[in-house]
Every structure is written in C-alpha cells, then in structure tokens.
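As structure tokens, the structure follows; a few thoughts come after it.
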Amino acid sequence: MRISVVIPVLDGEAFLAQAIRSARDQSLPPVEIIVADNGSQDRSVEIARSFGAPVRVIHVPRRGAAAARATAAAEATGEALMFLDADDLMGPDTLAHLAAALKGQEVAVACCPWRRYELVDNCWRARPASCAPRRPGQDDLAAWLTGWYHPPCTLLWTRAAYDTSGGWDPAVTINQDGDLMMRALIAGVPLVRADGGLGYYRRLPDGQVSLSGKGRSAKGLAGRLDVLDKIEARLDAADRLPQYAKPLAEAFDEIAMACTDAMAPDLGHRARRGVQRHGGVGGGGLRAMRRAIDSRVDALRRGPPAPASAPPAPLPPTPARSSTETAPLVSVILPTYNRAATLDRAITSVLAQSYTSFELLVIDDGSTDATPSLVSAIKDDRVRYIRQDRNQGVAAARNRGLAAAKGRLIAFLDSDDAWMPEKLDRQVALMQASPGRVGLIYTGLAIQQPGGHIETWRPEVRGNVLADILQRNVVHFGTSSTMIRAEAAKAVGGFDSAMPANEDHDYWARIARLFEFDYLPEALTIYDQVGSMSGVEAKRSAQFDRNMQARDLFVERHGFEANRLGTTFAYQMDSARRHLEWDEGNLRAGRRLLLKSARSAPAQPLPYVWLALSLLPRRARAASVAGLRRLREKAARARPQRETKHEA
C-alpha cells in the first residue's frame, strides 16, 4: 500500500524533526511525507527541507491546520493518507499495522492504540490515553460525541474514505479532526482496529497550549458548537437524529457546563438549547454523578498528574542523515564519582579507539578523590571535563552529559568499565548501515568476575524489542555497551533521576517505544563486575532493596504497556523469584507477587510451583531454587537469537 503522510506545521521547529523521522523510518515507509507549511517564521521549513526525499515542503497561504491538511491531501499521491501533527510521534511499526488492517478495504479508516506523551521531570513519558472512557454498547459515532476519540497520529485513511468524508473543512477552527471523523462515520465509513502499532499524542510542556487545548476558551467553545451544529444537521439529513439524541444532548451539555466556567453566557444559552432539542440529559444529580464517574475513570487511566517540570536542556539541532557523512561525531558520556582508581583505564580505552571522531565528556558528579587532577593531566583536545558541585547520582550526571553533547551519536561508558579498541568503529559502521528506525546498538560483554575469570555474554534480541525489554533488561549490565542516535535522546528526554536503580532499563524501554534495537554479538565492552561490587554500594541488602524499589517504579511507569503486550506475568514472576532466591528477599512479598501472578494467569503452573517452594524450609528451598536456576540458564543458552529483518 502506498502511503502519504501529511504534516501541517506552523512554527513547529521544537518537535518537527522528531515527527518527520518517526514517519520516515517506519518499517513500512511512506512514499512521501508532505510538510504543509502554514506561514512559519522559525526554522520549520529549513528543518523539513534538510531531510530531502521522501520529504517535500508545500506552502499553504490560507491559515489553519485544516487548510494545510486539505491542500496537502489534494496533492498527495498515496492510496492511503496519514495526518500526523508536527509534535506527535508513531512507534516504528505503526504504519505497517494500520496498512494491514486496511487490507481488502476500499473505504475505511484504520486506528491503533495511542498514548499521551508528557514531559515529567526531564523525561518524556507515555501515559494512558486521556480521552473519556468508551461506554458499553456505544457505536463509534456515539462514543466520539461523548468524548472518546483517536488522534490523527493513530488513523490511516484510504483515499476513498477521505473523499467520502468530504475532507478537511478549513472553516472549522477547533475539533477539526473530530469534525472530519464524525462526518466520515455518518457517511458510513467503518473504523477498523489494527492489532498493533502505537501513536503518541504530545502534551506540550512549559505551559504551551496546543490547538486542542484551546477548546475551553470562548472562541474554542464557539468553534465546538459550530461543529456540533454541523454534525446535528448531517444526522438530520440522514434521518438519524433520534438514534443519536442522547449522545448529542450530552455533547451540548458538556459545552454548556464549560461555558459557565468560561463565563460565556450567550454560548451557554446556545448550548443549552441544543440539550433541549434532544430531550435533555436527565436529572442534575444523575448527570453530575455520571460526569464524576467518567472524570474519575479518566483520571485513573491517565495516572497521577505530572509535577511541574522544566524541559530538558536541548541537544543541538541536527539535520537529516547524510549519506556523504563518513565520520559522524560521537559524544562519549562518562559519569564518575570517586572512582579515580578505575577512571584512568576507562578514559584510556576511549582514547585508544580506532575510531577517532569523538568527544569524551567526563562528568564528575562531585568527586572528593583525585578525579579532577587525574583528568586535568590528560592532554587531549577531545576530552571535556564537566564538574557538578555536589553528588546528584548517575542519572543526573548522564543527563548533564546529554545536555552538553554535540555528537550525532551518543555512547555511554561507566567509569569502572572499558572498551575494546574497535568498539566505536564497529558500532558507527552498523549505525550508518542501519535504517533510521534503529535507535540503539549494543554489544556483547566480557564480564570480569572475582578471581580474574572472564565470562562472555552475547546479546539475544534485535528489532522491535519493546515486549522483550518490558520483561527483562535485554541490554544486560549497565550502559557501557550502548550507542544511541542523538534524535533518540531528543525524543525520550533524559534518564530518570527518581529511579533508585535500573535507570538504564527504564531509559531503554522508553527508547524501545519509538526505535528498534540492533547489536554486535562480539564482546566489545569489558564490564567490571568486581569494581561494581566494591564499596558501600555493594551491600547486598541495600542493593536488593533499591533494585526492588526500582522494579516497582518500572511497573508504575510501564505497566499499561506491559498489560497491552502481555508481559506483566513474566515481569511479576521475575520479581517474585528474586524475593525467593536472594537471601535479602522478603518471603511474604514474594508470595504476594506469586498470588498476583496466579490471578492474572490462572492457567500458568509456575506461580503454583513457586508458591509450593516458598513453603519449604530455607535450606531445602535454596537447593530447589538453585536447581531451577541452572535449568533456566541452560534454557537461555539454548534459546535461538531472535532476529528481525531491517528493510532499507
């Protein structure tokens, strides 16, 4: 299927490049991306043009996103149309899933799930969809009238479906996508569900208000009433008003209540007349109760409100990938805190790389040892020393490095680890040969064990790894084996400094929503397990407590996604096993997790096996658990590597 993606833009330089990349780098790439400029005065046009084919820019003098979309749709050559806002994003396989849902459908619109994308404490996080919940028995039009919807970044229109709807109406000032979709539904266009894919509908930071956010101003309320009047007239012409009287009354009533808050009495009177035309909405007490329930359900779906958060310090703007660029700059971020004893080896391994186009950012997180003098003694212009006045934690240190990084690619190295000389060279070559939807590349590990023994670890999964990474950290130990594109860091923000541990696992999961992963199987990274277990940080009880707290936070951050992908059971079981396997574990907490796992998957035998083990005396349980662990490790070694083909 030939897909045209239309992106209207007006002064959208902050996020436009991310939107274009998320469309361009789909596993089913569009034949064209039409950026419809609506009079931008910033760098939006320059950014769009920097991508080259398949992106092209058109200028639409008539103001309004609907006019821009309509003009671009008229020029589009695709059999299907996606209308993507300039600040929204798609998962890497979204178009493929939507196109599959439209297979054999001449007149239809496909939709996929969506999430609200919000900036929370320097991190872009996916939160549950923030529309009203759909009620049992409602059809698509009734649900849309009462507040349930899908944003444009989740919809793929066949050309015939778009034409049947009548297309975008430039006269509509607010709820333009709702107007288009409701006209299509009235005309009999079916809304079909894709079995995968994900759209990300961004909530703008820093108090910025999107077009949809203006719907409660007096002007916005008048525009919403205009749309409802139009839909009412269409239903009347189709002799279907009685069928939709109740949802129409609720829609007018919602606007009437908003008019009271906006102190717009004339508009409120107009909206109440609409309520009366359709028989009212029932008693005030019942109506208030219904709205309170809907509001509470919506709040639970969205999760707790995001705390006030300053936006992350932006990475420098980067143009589109260039096929002529042979040696992109790599920013190596090396955080350290009181590790002068191992820091020299880490820095030396970077300076010894066969790939030389890099900058090394040593982020001193308030060290009180010889770290400053050690770094100052290094005479290499590629080394930049950045000191934080106080110790803030490794996540904050990495974020300081991300804010200062100049490279198109970013690699991380912990101060007690090291690299093989060809590590950067191999990763850069693979990244350049990969499609843009590959956002992270990791390597095998040489793990230094106590006593000098070296254990080799090989990666297992590549491609769309989200389901895998929600069950376990597929990158394995730490961050030192990874390289990411700078645009991946822009899209997801920084590391979460609120995580007591495992902040890298959370970061990889956020990247995996929008990008695919790849790996180099060779052990190009040296992970020092001896160094990582030294000092006060190595107290196993403290380490275990932080790990389990982090796992609880991980569930809070990604639980809705895990439920959608069916990975919740595996993650809960892994947490339960840790409580039963570790001496520092809490037996009661482990049993609670096992019971929760059994309730979520009653046909699975594992929770019952482990519950039985939990009843054994400590020594017998330890022996049984050790045997199960050996079987699990043997199965993991025998498991074939999962491959996902990357199409150019």
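For the chain, the number of Lys pairs separated by eight or more positions or lying on different chains, with C-alpha atoms closer than 29 Å, is 18.
Subtracting the Cα-Cα distance of Ile378 and His453 from their residue separation scaled by 0.36 nm leaves 23.9 nm. Using 0.36 nm per residue and subtracting the Cα-Cα separation, the extra length available between Ser354 and Arg193 on full extension is 53.0 nm.
Annotation for segment 8-111: GluC sites (Glu not before Pro) lying in DSSP loop with at most 13 further Cβ atoms inside 10 Å of their Cβ are Glu106. Note the full-extension length gain between Thr326 and Gln529 as 0.36 nm times their separation in residues minus their Cα-Cα distance, in nm to one decimal. That works out to 69.6 nm of additional length. Under a 5 Å amide H cut-off, with hydrogens placed 1.01 Å from N, Gly39 pairs with Val60 among residues at least 5 apart or on other chains. Nearest 10 degrees, 0 to 90: what angle lies between the long axis of helix 340-351 and the longest principal axis of the chain (Cα atoms)? Orientation of helix 340-351: about 70 degrees from the principal axis.
Helix 503-514 against the longest principal axis of the chain: what's the angle in degrees, Cα atoms only, rounded to the nearest 10? Taking the Cα atoms of the chain, the angle to 503-514 is about 40 degrees.
To check you understand DSSP bridge types, tell me what percent of the beta bridges within the chain (both residues inside) are antiparallel, rounded to 5.
Values: 27 of 76 bridges.
In the chain, DSSP labels about 35 percent of beta bridges as antiparallel.
In whole angstrom, note down how far apart the Cα centers of segment 322-396 and segment 53-119 are. Cα centres, segment 322-396 to segment 53-119: 42 Å.
Sequence gap at least 6, Cα distance under 8 Å: using those rules, report the relative contact order of the chain to the nearest whole percent. Let's see the in-between values first.
Values: 1226 pairs, mean separation 71.7, N = 648.
Here the relative contact order equals 11 percent.
In loop segments of segment 385-432 as defined by DSSP, there are no chymotrypsin sites (Phe, Trp or Tyr not before Pro) with at most 16 further C-beta atoms inside 10 Å of their C-beta.
Axis of helix 540-565 versus longest Cα principal axis of the chain: the two differ by about 30°, to the nearest ten degrees.
No value in this document is a laboratory result; all are computed from the given coordinates. The structure displayed is predicted, hence computed values, not measured ones. Glycine also receives a Cβ, built like all others from the backbone with ideal geometry; neighbour counts cover every protein chain displayed.
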